Amino acid sequence: MNTSLTRRRFLFTGAAAALLPGLSRAEDQKKPLFRISLAQWSLHKELFAGKTITNLDFAATAKKDYGIDAIEYVNQFWKDKATDAAYLKDLKNRAEDHGVTSVLIMCDGEGDLGAVGETERAQAVDNHKKWADAAKFLGCHSIRVNARSGGSYEEQMKRAADGLNKLSAYAKPLGLNVIVENHGGLSSNGEWLAGAIKASGADNCGTLPDFGNFNLGDGKEYDRYKGVRELMPFAKGVSAKSHDFDAEGNEIHTDYRKMLKIVMDAGYHGYIGIEYEGGKISEAEGIRATKKLLEKIRDEMSA
C-alpha cells in the first residue's frame, strides 16, 4: 500500500468534508423561507364553468398567468380520470413541460375515513387508494383527505384515526403522505384533529393547516391562530386561505403576518398554497393579491 498516497487521500477527503457543512449552510441561506404553490380551488368558478380552462390546463395557467411553479390539484375537476393512464401521462407531461411541480391532490367525495361502520370506513379507504396511485405517478408528496366521522368526540377521534392509519399504511410504500385539512365539523377543532393524527400512529399521516377553515357549525368558530398552532407540529403542507383585502393589500379576515410567524416558528419551510375563495374580486385578482401578500411578508421576514 502507498501510505503517502493514502494519507493524501485522507487529508483531501477530510478537508472536503469539513467544507461541506459550510457549503450546505450557504445554500440553505439562499433558500426562501417558504415556497408558494397554487391550490386549484382558487380557480373553481372558472374550472366548473369549463369555458376557458380545464384540469389539463392548470399547470400552464399557474406558470404563465401567475408565475407559480407548483400546483395542488383538486380531484373534483377530474373525478373520473384517476385510473386513466393516458390522461395521467398527459397531465404529468404538461406539468413537466412547463417546469411545474405537482405538490398534492385534494380528495373529496370518496367516503368518510372516520365512518361509523367498519364496512363503510374500509370502503372509504379503498376509494382513496386510486388517488394515492395517481399522486405517486404525478410526483406529488401527499394526498389531502377529510376526517369526517360520527359519534362522540372520543368515538370520532378513534374512528378517524383507524381510517387514517389504514390509508397511510397503503400510502407509505408509495412514499406518500396522507394529510388532513381542518375542513368542517370536529376536524375544524385543532385539538381534536391533532389528537386524531397522533392516534393514527402513522408517521406519514399529517395535517394541512388552513388559515380559514375553522367553522365548527351552528355559528361557532374555533380560534384560527390557536388551531394552526396546534396543527403545525404535524404539518406537511399549509393552505393560505384568503377572501378579502384592504387598500394596503392585507387580508382582512386573517392576520397573515401573525399566521406566517406561527408557521415559521414551527420550523416549516415547505410549500404554502394559495387558496383564494372570495367573491368581491375575480379569481385572477384574488390569486395575485394573495401571492403579493405572501411574497411581501416573506421578504419582511427574510430581511
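The values are calculated or read from the model by the stated rules, or taken from the named source; none is laboratory data. All figures in this text were calculated on a predicted structure; none of them were measured in a lab. Ideal geometry is used to build each Cβ from the backbone, glycine not excepted, and the neighbour counts take in all protein chains shown.
Every residue in the stretch 113-149 that is of a type in the set (S, T, N, Q) and closer than 11 Å to A160 by Cα, please.
Listed by number, the residues that qualify are N146, S149.
Restrict the check to the stretch 245-266 and report whether at least one residue is part of a loop (DSSP other than H, G, I, E, B), within 29 Å of K166 (Cβ to Cβ) and of a type in the set (A, V, I, L, M).
Scanning the stretch 245-266, I find at least one residue that is part of a loop (DSSP other than H, G, I, E, B), within 29 Å of K166 (Cβ to Cβ) and of a type in the set (A, V, I, L, M), so the answer is yes.
Here are some conditions: (1) among the hydrophobic types (A, V, I, L, M, F, W, C); (2) in contact with a helix residue (DSSP H, G or I) (Cβ under 7 Å, 6 or more places away or on another chain); (3) at pLDDT 95 or above. L216 meets all but one. Which one does it not meet?
(3) is the only condition that L216 fails.
Given the conditions (1) closer than 22 Å to K81 by Cα; (2) assigned to a loop (DSSP other than H, G, I, E, B), which single one is not true for R144?
It is condition (2) that R144 fails.
If I go through the stretch 114-156 residue by residue, how many of them are of a type in the set (S, T, Y) and under 16 Å from A169 (Cα atoms)?
1
Scan the stretch 122-147 residue by residue and report those that are surrounded by 21 or more Cβ atoms within 10 Å (Cβ to Cβ) and of a type in the set (D, E, K, R).
Across the stretch 122-147, the qualifying residue is only R144.
Give G190, G175 a once-over and let me know the one that is surrounded by fewer than 19 Cβ atoms within 10 Å (Cβ to Cβ) and within 17 Å of the chain's Cα centre (by Cα).
G175
Answer with yes or no whether K226 is on the phi < 0 side of the Ramachandran plot and not in a helix (DSSP H, G or I).
No; evaluated as a whole, the condition is false for this residue.
Just to be sure I understand the filter: pairs with C-beta atoms under 7 Å, separated by 6 or more residues or on different chains, first member in the stretch 203-231 and without any contact (Cβ under 8 Å) to a residue 40 or more places away in the chain and assigned by TED's automatic domain parsing to the domain that holds K258, second member of a type in the set (D, E, K, R) and not in a loop (DSSP other than H, G, I, E, B). Which pairs pass?
Note: pairs meeting the criteria are N204/K172; N213/E181; N213/K241; F214/E221; F214/R224; N215/E221; Y225/K258.
Tell me, which residue of the stretch 109-119 that is surrounded by fewer than 16 Cβ atoms within 10 Å (Cβ to Cβ) and of a type outside the set (A, V, I, L, M) is farthest from S187 (Cα to Cα)?
So, considering only residues that are surrounded by fewer than 16 Cβ atoms within 10 Å (Cβ to Cβ) and of a type outside the set (A, V, I, L, M), the one farthest from S187 (Cα to Cα) is T119.
Only one residue in A161, A169, A194, A202 is in contact with a Phe, Trp or Tyr (Cβ under 9 Å, 6 or more places away or on another chain) and outside any strand (DSSP E or B), so which one is that?
The unique qualifying residue is A194.
Could you list, in sequence order, all residues of the stretch 172-191 that are touching a Pro at 6+ places or on another chain (Cβ under 9 Å) and part of a strand (DSSP E or B)?
E181
Can you tell me which of (1) surrounded by 12 or more Cβ atoms within 10 Å (Cβ to Cβ); (2) over 20 Å from the mean Cα position of the chain (by Cα) is the one A49 doesn't meet?
The single condition A49 does not satisfy is (1).
Restricting to the stretch 166-185, give me the number of residues that are at pLDDT 95 or above and over 13 Å from G206 (Cβ atoms).
6
Whether any residue in the stretch 249-268 is within 23 Å of T101 (Cβ to Cβ) and free of Cβ contacts under 8 Å to residues at least 12 places away in the same chain is what I want to check.
Within the stretch 249-268 (the criterion being within 23 Å of T101 (Cβ to Cβ) and free of Cβ contacts under 8 Å to residues at least 12 places away in the same chain), the answer is yes, since at least one residue qualifies.
Examine the stretch 68-80 for a residue that is free of Cβ contacts under 8 Å to residues at least 12 places away in the same chain and in a loop (DSSP other than H, G, I, E, B), and state whether such a residue exists.
yes
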